[in-house]
Amino acid sequence: MSVDQDLSKVKPQVYPSKINVPYSWWAGDTAARFFAGLSEKRIEATRCECCNKVFAPPRKTCPECFAACQTWVDLALTGTVTGFTVARAARAAMGGRKLPAVFALVKLDGADTALLHVIGGCAPGDVRIGMRVKARFAEEPAGGILDILYFEPV
Amino acid sequence: MENVAIVGIGMTKIEAAKVAENFADMVWEAVGKALDDAGLTIDDIDNVITTSNDFWDGRTISCMAVGDASGVRNKNCSCVEGDGAFGAFYGLTRILSGSYGTTLVTAHSKGSESVSSLITNAAFDPIYERALGLDMVTAAALQANVYMDRTGVRPEDLARVSVKNHGNAVHNPNAQLPMKLSVSDVLKSEMMVDPLHKLDCSPVSDGACAMILAREDRARKAKTRPVWVKGVGFCADAYHLGDRDLAEPRSLTAAAKKAYGMAGITDPARQIDLAELYDAFTHQELMWIEGLGMAPYGKAAEDLEKGRFDIGGSLPVNASGGLLSGHPVIAAGLIRMAEAVRQLRGEAGAAQASKAKTAVAQGVNGLCGQSHCVWVLGSEK
Ligand SMILES: [Zn+2]
């Protein structure tokens with residue numbers, strides 16, 4: 001290529017939207033039961049019979065034991081924040097989420113793993129690791145993870 | 001393990017947007033440099049491993065599209081979807097299988113052509129997590145908070161990683177962001193996602209890297225001083241962030257244990273002369289140093305402040321400037337290995353470590369360091 005070639009005359013090549021494949025993911029029987037529970041304002045988890053670990057969100061297989069998680073258990077709607085971050089500026093992945101947004105890991109009472117979700121109902125500056133929270137549900141469930149609107153301080 | 005050496009490396013300059021080269025052009029440049037470096041031709045290459053990611057490339061089966069530039073015609077070629085250090089691992093095992101005497105490994109990424117936040121959001125589970133709107137940066141920030149809460153490490157400790165690595169990059173002609181910074185410059189940069197400032201995060205980058213591995217008898221044909229593979233290991237942790245202890249990289253420790261075992265390393269803090277680590281975010285460099293056993297848990301920040309990890313320190317970390325100074329994902333881990341090779345050959349110029357006989361290089365796959373590939377490389381067999 002010549003050194004004095006002017007590349008500014010050629011715009012980036014955009015082929016609009018063709019890679020925007022409209023995927024439809026079947027939730028599968030495990031997540032479907034979890035989402036059905038959320039629509040009734042219940043949070044269900046699965047337990048591994050080998051190690052007794054309770055997984056929330058529920059898993060069909062235990063990643064530790066490589067065994068089936070066959071038992072369903074009802075969890076409390078309360079839990080503890082085990083990690084969080086406050087997003088102050090818009091990021092493409094956040095879609096229309098209101099700023100500042102607080103993303104968090106919440107270990108529900110009775111579960112051994114933490115659920116990734118968001119915190120609401122309080123000032124972002126008040127969120128702490130170890131804070132006690134409870135689930136706030138959507139009034140009109142749509143059948144997905146956003147049927148929990150957010151976790152708010154107890 | 002049979003003796004295998006790295007006999008050729010080639011890297012492009014890392015830039016925010018390479019307008020004049022498409023991804024295959026970058027790989028072509030890196031492969032040409034690696035062959036020249038080794039004093040070999042493409043006919044000396046027995047098989048090829050390319051490393052790529054279809055989402056980043058915006059192309060289905062993009063490994064096929066980079067084959068020509070990687071010289072795969074009439075050769076056995078396979079692809080790793082993930083970081084280049086894992087591609088090199090596959091390349092090594094192909095030599096150890098006895099079927100091939102040499103492997104060319106390539107890795108590339110053009111972050112400038114897509115939206116990093118959307119691409120990395122798609123790394124989250126679409127059923128349980130993706131709709132929440134996290135990406136690689138928000139996930140890393142969550143991890144940083146957990147790590148700092150556990151260890152008492154402070155924002156200024158994180159900032160020192162940025163100051164060191166951007167400062168080191170001044171000596172690296174390939175670096176995208178060489179900068180003389182102060183701790184307050186970092187702390188005053190935009191707060192992206194608590195607790196990570198803009199200068200705590202690696203940039204979006206374009207770049208490629210190529211590497212030639214050779215069995216000992218074939219390494220003799222190369223003109224370069226061989227750098228020997230002393231040990232290698234990789235290990236993965238659980239997929240879901242909520243299943244892991246984000247503050248302790250146990251898969252890194254497990255990978256390092258395997259690599260150290262092969263290399264006869266019993267005291268990494270003393271036996272390793274330098275390290276090129278996957279510093280996508282400042283807190284991760286501290287976590288990885290500790291996970292690799294180079295400092296006690298929660299104490300890397302203290303050693304950093306004392307200068308132990310500086311170019312002139314007893315264990316330089318990212319003397320090249322690291323990923324904070326340029327982060328072409330996918331190529332990133334292979335670049336860490338190539339930079340370690342430059343050190344072990346004594347070719348690192350003003351960034352040269354005074355003692356460079358044994359080095360560690362690290363590649364990472366997955367959010368918050370789900371999977372790690374650890375290489376122990378040596379200037380002596
Ligand atoms: Zn189990």
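Couple of notes before you dig in:
- Quarter the surface of the alpha carbon convex hull of the stretch A:27-153 and you get the mean projected area, 8.0 square nanometres.
- Heavy-atom accessible area per residue - the protein assembly as shown, 1.4 Å, Å²: 41
- Estimated FRET transfer efficiency when R0 is 30 angstrom, pair B:Asp149-B:Lys257 (beta carbons, to 0.05): 0.70
- Amide hydrogen neighbours beyond the local backbone of A:Leu108, cut-off 5 Å, H modeled: A:Thr80, A:Leu115
- As an equivalent ellipsoid, chain B spans semi-axes of 30, 24, 19 angstrom, where each value is the square root of five times an eigenvalue of the C-alpha gyration tensor, largest first.
- For the stretch A:27-153, share of DSSP beta bridges that run antiparallel, in % to the nearest 5: 95
- Residue by residue, the stretch A:102-117 carries 3J(HN,Hα) couplings of 10, 8, 8, 9, 10, 8, 5, 4, x, 9, 9, 10, 9, 9, 7, 7 Hz when phi is fed to the Karplus relation 6.51 cos²θ - 1.76 cosθ + 1.60 (θ = phi - 60°); x denotes Gly or Pro.
- Cα-based helix-to-principal-axis angle, A:28-39 vs chain A, degrees rounded to 10: 70
- Karplus-derived 3J(HN,Hα), 6.51/-1.76/1.60, for each residue of the stretch A:74-84, Hz, glycine and proline x: 7, 9, 5, 8, 10, x, 10, 6, 9, x, 7
- The stretch B:105-123-the stretch B:269-338 distance, computed between alpha-carbon centres (Å): 23
- The stretch B:185-245-the stretch B:49-85 distance, computed between alpha-carbon centres (Å): 18
- Translational diffusion of the stretch B:67-185 was estimated from the Stokes-Einstein equation, with Rh taken as the Kirkwood radius over Cα pairs; at 10 °C and 1.306 mPa s the coefficient is 86 µm²/s.
- Largest to smallest accessible area among B:Ser109, A:Ser8 [probe 1.4 Å]: A:Ser8, B:Ser109
- A:Val14/A:Arg136 FRET efficiency (R0 51 Å; Cβ-Cβ; nearest 0.05): 0.80
- Ordered by 1.4 Å accessible area with all protein chains kept, A:Lys107, A:Lys53, B:Lys258 run largest first as B:Lys258, A:Lys107, A:Lys53.
- Label-zone membership for the stretch B:238-275, site B:Leu96, 7 angstrom Cα→C-beta point, backbone N under 17 Å: B:254-265
- With each label modelled as a point 7 angstrom along the Cα→C-beta vector, the B:Arg220-A:Cys51 pair spans 5.0 nm.
- Close amide H contacts of B:Gln370 (hydrogens built in the peptide plane, cut-off under 5 Å, sequence separation of 5 or more or a different chain): B:Asn365.
- Loop sites by DSSP among the chymotrypsin sites (Phe, Trp or Tyr not before Pro) of chain A, restricted to those with at most 13 other Cβ atoms within 10 angstrom, leave A:67-154 as the longest stretch without any of them.
- B:Thr253 exposes around 70 Å² of accessible area when a 1.4 Å probe is run over every protein chain in place.
- A DSSP coil position with no more than 13 other Cβ atoms inside 10 Å describes the following trypsin sites (Lys or Arg not before Pro) in the stretch B:27-103: B:Arg73.
- The stretch B:127-268 - Debye-derived log10 I(q)/I(0), Cα point model, q = 0.09, 0.20 Å⁻¹: -0.45, -1.27
- Any cysteine of chain B lacking a neighbouring Cys Cβ under 4.7 Å - listed by number: B:Cys77, B:Cys201, B:Cys209, B:Cys235, B:Cys368, B:Cys373
- For chain B, the antiparallel share of DSSP beta bridges with both residues in that region comes to about 70%.
- At least 20 Å² accessible surface lost relative to isolated chain, residues of the stretch B:211-243 (1.4 Å probe): B:His240, B:Leu241, B:Gly242, B:Asp243
- Of B:Lys257/B:Lys381; B:Lys13/B:Lys180; B:Lys110/B:Lys223; A:Lys9/B:Lys33, those spanning more than 26 Å from alpha-carbon to alpha-carbon: B:Lys110/B:Lys223; A:Lys9/B:Lys33
- Take every Cα pair under 8 Å whose residues are at least 6 apart in sequence, average their separation, divide by the length of the stretch A:27-153, and the relative contact order is 24 percent.
- Once each of the GluC sites (Glu not before Pro) sitting in a DSSP loop with at most 12 other beta-carbon atoms within 10 Å is removed, chain B keeps B:191-379 as its longest stretch.
- Here the contact order of chain B, divided by its residue count and restricted to Cα pairs under 8 Å and six or more residues apart, works out to 24 percent.
- Positive minus negative residues near A:Pro153 (Lys, Arg vs Asp, Glu; Cβ under 14 Å): +2
- In order along the stretch B:224-237, phi translates into HN-Hα couplings of 7, 6, x, 10, 8, 7, 8, x, 8, x, 9, 7, 10, 9 Hz, rounded to whole numbers, per the Karplus curve 6.51 cos²θ - 1.76 cosθ + 1.60 with θ = phi - 60° and x for Gly and Pro.
- Ranked by solvent-accessible area (1.4 Å probe, protein heavy atoms only, all chains present), the residues B:Thr103, B:Thr93, A:Thr61 order from largest to smallest as A:Thr61, B:Thr93, B:Thr103.
The values are calculated or read from the model by the stated rules, or taken from the named source; none is laboratory data. Keep in mind the model is a prediction, meaning the values are calculated, not measured. Every residue, glycine among them, receives a Cβ derived from its backbone with ideal geometry; neighbour counts consider all protein chains shown. For the accessible areas, the whole protein counts, side chains as well, though only heavy atoms, and no ligand, DNA or RNA atoms are used. Shrake-Rupley method; radii C 1.70, N 1.55, O 1.52, S 1.80 Å.
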